[in-house]
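K.L.:
I have a structure here, written as structure tokens, and I will follow up with some questions on it.
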Amino acid sequence: MPKRTNEFQQLVYLLKKQLAGDAMVTESKFLRDRISGLETEVDICIEVTTAGHGVILSLECTDERRKATIEWVREMYGKHASLPTNALILASRSGFTKGALATATGLGIATMDLQHDDAEVVDRVLGSSGSLWGKVVEFRPTKVVVTVQLPEGKHERVRADDDIHVFNVSAERVGTIRGCVEQAFQHDGLRRSVIRDAIPEHTSFVVEWEPPKFANVALYLQWDATKELRLIEHVRVEGTFRCVVSEFRLNHGKLGDVSISWGTGIFLDQPAILLASRPRVGPPLLTLHLGQRIVKREKRR
């Protein structure tokens with residue numbers, strides 16, 4: 001039997017997974033009924049170990065446009081009475097009737113609903129933007145040219161292969177040209193500037209590194225004819241470049257006591273869900289779930 005889900009259930013699941021820490025969060029998990037022995041599907045299960053004992057927190061979600069009723073609360077209570085659920089939370093997109101809330105409280109069931117966005121919530125989570133943009137930048141070096149110092153103040157440019165070794169002033173190997181290039185691309189300042197300025201129309205790049213160093217040590221090549229060390233004064237790296245920009249149109253709201261923003265988009269040619277949250281305690285969180293898309297609820301006729 002395929003696992004069932006809907007937009008609201010997915011949202012609750014992704015939020016709980018984001019906030020779970022060391023707990024294991026599973027969507028559409030089957031628990032064994034103690035009386036019938038049958039497998040029963042639960043929307044979301046959170047499993048933790050406390051003092052050596054396993055604890056199961058189960059969540060049931062309803063995506064209905066009307067408020068959850070007393071009948072639904074009682075139905076869920078009866079469903080979990082013979083399941084290994086230690087604590088039950090009921091989540092309703094549209095809230096609960098007064099009777100349903102009173103019934104849940106009397107039965108020891110926690111409740112949560114999705115409150116719609118307002119200016120304060122949006123500003124707390126991500127500022128006033130209606131979208132969040134994701135950017136991925138990929139570098140593929142194809143050509144490396146080094147400039148070395150020769151006697152009598154002369155210089156020579158040399159096309160360098162990836163596996164050419166470089167040395168320190170004591171003729172000790174400190175790495176390869178490939179390693180030098182990788183170090184250059186790992187530099188925080190370079191990455192930030194390239195990502196900031198990159199646009200999808202860019203297809204190639206040039207990076208010049210002067211004076212090149214590896215672990216803060218000057219670099220040398222061994223000259224083929226004499227094996228003498230020649231100081232590398234300059235490195236020029238050319239290559240292909242890819243910049244992918246994705247827009248996530250955001251919805252904003254509050255789920256329980258957590259302010260959230262979420263949206264879907266295409267990221268690295270895959271469907272993706274982005275979720276940002278600001279819990280009451282702790283820093284804001286941002287998670288991108290690749291390979292997932294929101295399952296839209298069907299319109300009722």
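The values are calculated or read from the model by the stated rules, or taken from the named source; none is laboratory data. Predicted model only: the values in this text are computed from it and were never measured. Positions of Cβ are backbone-derived with ideal geometry, glycine not excepted, and every protein chain shown enters the neighbour counts. Note: areas computed on protein heavy atoms with side chains; ligands, DNA, RNA excluded. Shrake-Rupley method; radii C 1.70, N 1.55, O 1.52, S 1.80 Å.
K.L.:
Suppose we filter ASP188, ASP224 for residues that are over 24 Å from CYS243 (Cβ atoms), modelled with pLDDT under 75 and of a type outside the set (A, V, I, L, M, F, W, C); which single one remains?
P.N.:
Numbers: ASP188 fails: over 24 Å from CYS243 (Cβ atoms).
Just one listed residue meets the conditions, ASP224.
K.L.:
Of the residues that make up region 204-213, is at least one in a helix (DSSP H, G or I) and under 30 Å from ASP269 (Cβ atoms)? Spell out the reasoning first.
P.N.:
Initially, region 204-213 is screened for residues in a helix (DSSP H, G or I), giving none.
No; the residues of region 204-213 include none that is in a helix (DSSP H, G or I) and under 30 Å from ASP269 (Cβ atoms).
K.L.:
Scan region 184-214 for residues that are out of contact with any Gly (no Cβ under 8 Å at 6 or more places or on another chain), surrounded by 10 or more Cβ atoms within 10 Å (Cβ to Cβ) and not β-branched (Val, Ile, Thr) and report the count.
P.N.:
Going through region 184-214 one residue at a time, the tally reaches 17.
K.L.:
Which members of region 1-46 meet the condition of being farther than 23 Å from GLY291 by Cβ, assigned to a strand (DSSP E or B) and of a type outside the set (A, V, I, L, M)?
P.N.:
ARG32, GLU39, THR40
Okay, residues lined up against (1) surrounded by fewer than 16 Cβ atoms within 10 Å (Cβ to Cβ); (2) closer than 18 Å to SER94 by Cα; (3) without any contact (Cβ under 8 Å) to a residue 24 or more places away in the chain:
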| residue | (1), (2), (3) |
| --- | --- |
| GLN9 | no, yes, no |
| VAL12 | no, yes, no |
| GLY21 | yes, no, yes |
| VAL25 | no, no, yes |
| LEU31 | no, no, no |
| VAL42 | no, no, no |
| GLU47 | no, no, no |
| ALA51 | yes, no, yes |
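K.L.:
Additional query: Whether any residue in region 237-249 is farther than 30 Å from GLU182 by Cα and open to solvent by 20 Å² or more (accessible area, probe 1.4 Å) is what I want to check. It would help to see each step written out before you state the result.
P.N.:
As a first pass, look at region 237-249 and keep what is farther than 30 Å from GLU182 by Cα: 248-249.
Remaining after also requiring open to solvent by 20 Å² or more (accessible area, probe 1.4 Å): 249.
Within region 237-249, one or more residues are farther than 30 Å from GLU182 by Cα and open to solvent by 20 Å² or more (accessible area, probe 1.4 Å).
K.L.:
Run GLY134 past the list (1) open to solvent by less than 20 Å² (accessible area, probe 1.4 Å); (2) modelled with pLDDT under 95; (3) over 30 Å from ILE199 (Cβ atoms) and report the number of the one that doesn't hold.
P.N.:
The number of the failed condition is (3).
K.L.:
State the number of residues belonging to region 265-284 that are among the β-branched types (Val, Ile, Thr) and either out of contact with any Phe, Trp or Tyr (no Cβ under 9 Å at 6 or more places or on another chain) or at pLDDT below 85 (or both).
P.N.:
Counting residues in region 265-284 that are among the β-branched types (Val, Ile, Thr) and either out of contact with any Phe, Trp or Tyr (no Cβ under 9 Å at 6 or more places or on another chain) or at pLDDT below 85 (or both) gives 2.
K.L.:
Would it be correct to say that VAL174 is surrounded by 17 or more Cβ atoms within 10 Å (Cβ to Cβ), out of contact with any helix residue (DSSP H, G or I) (no Cβ under 8 Å at 6 or more places or on another chain) and in a strand (DSSP E or B)? Give the steps one after another, and end with the answer.
P.N.:
Values: surrounded by 17 or more Cβ atoms within 10 Å (Cβ to Cβ): yes; out of contact with any helix residue (DSSP H, G or I) (no Cβ under 8 Å at 6 or more places or on another chain): yes; in a strand (DSSP E or B): yes.
Yes; evaluated as a whole, the condition is true for this residue.
K.L.:
Turning to a different aspect of this structure: How many residues are in a strand (DSSP E or B) and open to solvent by 30 Å² or more (accessible area, probe 1.4 Å) when one looks only at region 57-97?
P.N.:
Result for region 57-97: 2.
K.L.:
Considering only region 215-227, state which residues are in contact with a strand residue (DSSP E or B) (Cβ under 8 Å, 6 or more places away or on another chain) and open to solvent by 20 Å² or more (accessible area, probe 1.4 Å).
P.N.:
ALA215, VAL217, ALA218, TYR220, GLN222, TRP223
K.L.:
If you don't mind, another one. Listed residues ARG293, ARG230, ARG297; which is modelled with pLDDT of 85 or more, surrounded by 13 or more Cβ atoms within 10 Å (Cβ to Cβ) and basic (Lys, Arg)?
P.N.:
The conditions single out ARG230.
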